[in-house]
Amino acid sequence: MKKLNRIVLVNWYLLGAEEINIRGNTAIIGPTGSGKSSLLDAIQTVLTGASKRHLNYNASANDGKASGRSIRSYILGMIDAGQANTKSFGPQPRPDAVSYLGLVFEDSNTGNESTVGLCLSASLASPEEDILGRFVLPNYGVGKKDFIDALEGRSFKAKPWLEVREALKKSCIDPYIKSGSASATQF
């Protein structure tokens, strides 16, 4: 059986670069506006391959109706979908961003990790986001280090998708880069 072991988020909603470890029974708790729904929406985005036809963000908070949140607003870090057009007292949206979402699953029989993920981009100058890549990485569990270059302090820069894609291909082909070897990689 495969169990969700870790969630890796880069430039998703108000989060910069995070790894969230999940073991056993996990509860997601916090006050209103702390990001509980945005975390669940990230999982939903990966599992649907960012297909808008299958997404229903934060439906529980809106009696099953659309919330006004979108993939684009999550990538740009908008608190609400109209934030780019109004003055806001909260954090300003990112003018453009590359976002990485990774779900790392552990095989309960072998202990090997595998990843399913997405690379997305958006800009305030464009009304739509772009899906730069979808990936499945057998026997390779990603971490935020796979997606970012650390700068001074807590600052970071998301790596370009083509650089990440090539590094992930190499990691899955070369068993000496990380323990475990992969038989197939889809990009």
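Within the stretch 25-52, residues that are more than 16 Å from Ile7 (Cα to Cα) and assigned to a loop (DSSP other than H, G, I, E, B) have Cβ atoms under 7 Å from residues that are of a type in the set (Lys, Arg) and open to solvent by 30 Å² or more (accessible area, probe 1.4 Å) in these pairs: Gly30/Lys36, counting only partners at least 6 apart in sequence or on another chain. Among the criteria (1) under 16 Å from Ile71 (Cβ atoms); (2) in contact with a strand residue (DSSP E or B) (Cβ under 8 Å, 6 or more places away or on another chain); (3) open to solvent by 60 Å² or more (accessible area, probe 1.4 Å), the one Ser108 does not fulfil is (1).
For the stretch 26-47, a tally of residues being closer than 15 Å to Tyr100 by Cα and either in contact with a Lys or Arg (Cβ under 6 Å, 6 or more places away or on another chain) or open to solvent by less than 40 Å² (accessible area, probe 1.4 Å) (or both) returns 7.
So that you can scan it fast, the table gives a plain yes or no per residue for (1) of a type in the set (Ser, Thr, Tyr); (2) touching a Pro at 6+ places or on another chain (Cβ under 6 Å); (3) at pLDDT below 95; (4) surrounded by 12 or more Cβ atoms within 10 Å (Cβ to Cβ):
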| residue | (1), (2), (3), (4) |
| --- | --- |
| Gln92 | no, no, yes, yes |
| Thr115 | yes, no, no, yes |
| Ser121 | yes, no, no, yes |
| Val142 | no, no, no, yes |
| Phe147 | no, no, no, yes |
| Glu152 | no, no, yes, no |
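In the stretch 123-134, the residues that are open to solvent by less than 70 Å² (accessible area, probe 1.4 Å) reach residues that are small (Gly, Ala, Ser) and in a strand (DSSP E or B) with C-beta atoms within less than 7 angstrom, at least six apart or across chains, in these pairs: Glu129/Ser121; Glu129/Ala122. What's the total number of residues in the stretch 146-165 that are more than 21 Å from Gly111 (Cβ to Cβ) and either in contact with a Lys or Arg (Cβ under 9 Å, 6 or more places away or on another chain) or free of Cβ contacts under 8 Å to residues at least 12 places away in the same chain (or both)? Looking only at that region, the number is 12. Residue count for the stretch 115-163 satisfying the condition of being in a loop (DSSP other than H, G, I, E, B) and of a type in the set (Asp, Glu): 3.
The values are calculated or read from the model by the stated rules, or taken from the named source; none is laboratory data. Computed from a prediction, not measured in an experiment: that's the story for all the values here. As a convention, Cβ positions derive from the backbone with ideal geometry for all residues, glycine included, and neighbour counts pool all protein chains shown. SASA here: full protein model, heavy atoms, side chains in, ligands and nucleic acids out. Shrake-Rupley method; radii C 1.70, N 1.55, O 1.52, S 1.80 Å.
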